[in-house]
There are 2 protein chains.
Amino acid sequence: MNDISVLQDPPAEPRQRQSAETRREETVEAVIDLASEHSPEGITTQAIATRIGVTHGALFRHFPDKAAIWRSVFDWLGIRLGRVADAAIATGGTPLQVLERLFHAQVAFVSDHPGVPRILFHELQRPAGSPLQGLARTIVGGYRERIKILIHRAKDVGELPTSLDEDTAAILFIGTIQGLVVQSTLFAGAFDMREAAQRIFPLLLDGYRGVKS
Amino acid sequence: MNDISVLQDPPAEPRQRQSAETRREETVEAVIDLASEHSPEGITTQAIATRIGVTHGALFRHFPDKAAIWRSVFDWLGIRLGRVADAAIATGGTPLQVLERLFHAQVAFVSDHPGVPRILFHELQRPAGSPLQGLARTIVGGYRERIKILIHRAKDVGELPTSLDEDTAAILFIGTIQGLVVQSTLFAGAFDMREAAQRIFPLLLDGYRGVKS
DNA sequence: TAAGATAGTAACAGGTTACTTACTTATCGC
DNA sequence: GCGATAAGTAAGTAACCTGTTACTATCTTA
């Protein structure tokens with residue numbers, strides 16, 4: 001806004017001073033991003049600092065320790081995944097339509113953020129007790145519950161047979177997305193998750209509906 | 001065999017001298033085992049050595065470096081997973097019966113070795129190029145091919161509709177197992193993967209068969 | 001414009017990790 | 001039984017990782 005800033009060269013290196021709030025957001029983004037390349041356990045504070053264009057020490061001005069960074073990442077995950085579900089549900093339609101929209105929204109989200117399933121899966125597998133593991137369970141478990149509710153509603157309006165087991169159906173729903181993630185890594189690059197999702201959802205649905213024999 | 005050994009206290013710690021061959025096998029088992037508790041990247045050579053009851057340095061008498069240990073682990077994985085598939089296929093029956101037996105055999109295997117899906121999934125997600133990533137792709141890709149062949153045969157004998165896309169069906173097959181793995185971590189302990197697999201396989205099959213509407 | 005608060009830096013400290021080395025001890029063929 | 005070979009140990013080393021500290025630069029505001 002002032003004259004001086006206009007006269008100055010535009011800084012080739014955008015290593016500007018940023019607010020703590022901004023740096024915290026950048027940090028979370030950097031971790032999600034790095035998780036698509038490294039294992040969560042392999043993400044170092046140095047790598048995070050470098051990615052956001054700051055020295056190592058500066059990171060600890062915004063977070064007391066590394067655990068706090070991970071806590072922020074999981075908060076972000078919970079909020080964003082919840083938002084994806086909310087948006088799909090808010091658009092309305094029959095329970096089955098909502099379920100389908102949720103499926104594709106979820107696929108699009110993990111397609112855009114490949115680090116997300118990795119972080120969650122990784123943390124889930126911890127034996128017990130760590131606070132992050134609890135968070136991961138809450139996030140995935142909450143997701144599962146939402147799917148179960150939608151399936152229940154679909155049964156209520158006659159879109160799905162009442163004999164369908166909701167737990168089993170939820171496993172299949174989440175597993176199908178996991179399967180797409182696995183395939184996308186098998187054919188890195190040459191695999192369009194969204195397109196494969198379009199083909200696979202009808203199979204999932206037929207599994208839900210059952211065979212009329 | 002000699003008198004002295006009889007007179008001596010039976011060594012409470014069985015920290016005996018073992019052949020290099022034995023130690024190499026123990027090492028692979030230890031890694032698979034440790035992978036159910038820690039992330040693959042978090043498994044240290046010290047932890048492996050401690051688990052097989054040997055000092056850290058002794059490990060490097062049997063393996064030139066850590067990478068060689070991981071190579072051995074992936075060899076083991078490839079052989080064992082191949083054996084699971086071979087055994088299921090060898091028992092004979094219709095293609096669909098074989099597919100079902102393979103499914104349950106696979107579930108039993110990862111249920112006995114929770115570290116296995118973890119190691120494979122973890123390594124698959126690496127961006128590119130690492131030799132281990134290539135091995136992981138070969139293993140999972142080979143598995144996928146076998147499933148596709150079985151599905152193809154099932155179509156040939158009229159057990160599945162010819163309209164079924166084999167790639168999509170394979171994704172669903174692998175994804176379903178992944179889904180079971182996720183659930184087992186969600187309800188650690190109080191979740192019987194094998195039993196859930198019995199409930200979920202019919203849904204998978206109905207998805208394959210499609211709805212006769 | 002001066003003062004206080006805040007973001008950033010560079011260097012370091014302590015711990016851990018992968019791997020080495022000099023030495024010791026068990027095992028096996030002769 | 002004896003000597004060579006192979007398995008094991010204990011103590012190191014260099015690199016790396018997390019977190020700290022003393023200092024500097026920038027922004028805000030009274």
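A short reminder: the numbers here are calculations on the coordinates, not readings from a lab. In this text, all values refer to a predicted model and were calculated from it rather than measured experimentally. Note that we place each Cβ from the backbone using ideal geometry, even for glycine, and neighbour counts take in every protein chain shown.
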Original post:
Taking a spot 7 Å from the Cα of A:K148 along the direction of its beta carbon, which residues of region A:57-88 have an amide N less than 19 Å from it?
Top reply: A:82, A:85-86
Subject >> Footprinting exposure proxy for A:R199, A:R17 (fewest neighbouring C-beta atoms within 10 Å first) >> reply: A:R17, A:R199
Original post:
Once label points are set 7 Å from the Cα along Cα→Cβ at both B:E195 and B:T91, what is their separation, rounded to one decimal in nm?
Top reply: 2.1 nm
Original post:
Using a Gaussian network model of chain A with C-alpha springs under 10 Å, which one of A:I43, A:I177, A:I69 is most mobile by mean-square fluctuation?
Top reply: A:I43
Subject >> Label 7 Å beyond Cα on the Cβ vector: A:Q46 copy-to-copy distances, nm >> reply: 1.8
Original post:
Can you give the translational diffusion coefficient of chain A in µm²/s, computed by Stokes-Einstein from the Kirkwood radius over Cα pairs at 25 °C and 0.890 mPa s?
Top reply: 125 µm²/s
Subject >> Neighbouring partner chain Cβ atoms per residue of A:119-125, average, 10 Å criterion >> reply: 6
**OP:** For A:G78, go 7 angstrom from Cα along the Cα-to-Cβ vector, then report the distances to that same point in the other copies in nm, smallest first.
**Re:** 4.3
Original post:
For label points placed 7 Å from Cα toward Cβ, what is the shortest-first list of nm distances from A:R61 to its copies?
Top reply: 5.3
Original post:
Looking only at other chains, what is the average number of their beta-carbon atoms within 10 angstrom of each beta-carbon in B:128-139?
Top reply: 1
**OP:** For chain A, with a Gaussian network of springs between Cα atoms less than 10 Å apart, report the residue from A:E26, A:E145, A:E195 with the top mean-square fluctuation.
**Re:** A:E195
Subject >> Shielding by other protein chains, A:158-167, mean Cβ within 10 Å >> reply: 1
**OP:** Would you mind counting up the charge near B:A87? Only other residues with Cβ under 11 Å from its Cβ, with Lys and Arg at +1 and Asp and Glu at -1.
**Re:** +2
Subject >> Quotient of C-alpha Rg and 2.2 N^0.38 Å, computed over the protein assembly as shown >> reply: 1.13
Original post:
Any idea how many Lys pairs in the protein assembly as shown come in under 27 angstrom at the alpha carbon, given 8 or more places apart or on separate chains?
Top reply: 10
Original post:
Considering chain B as a Gaussian network with a 10 Å cut-off on Cα pairs, which listed residue, B:Q97, B:Q106, B:Q16, attains the greatest mean-square fluctuation?
Top reply: B:Q16
**OP:** Determine the calculated [θ] at 222 nm for chain A from helices alone, applying -39500 (n - 2.57) to every DSSP H run no shorter than 4 residues and normalising by the residue count; nearest 500 deg cm²/dmol.
**Re:** -23000 deg cm²/dmol
Original post:
Put a dot 7 Å past each Cα toward the Cβ at B:E41 and B:S130; how far apart are the dots in nm?
Top reply: 0.8 nm
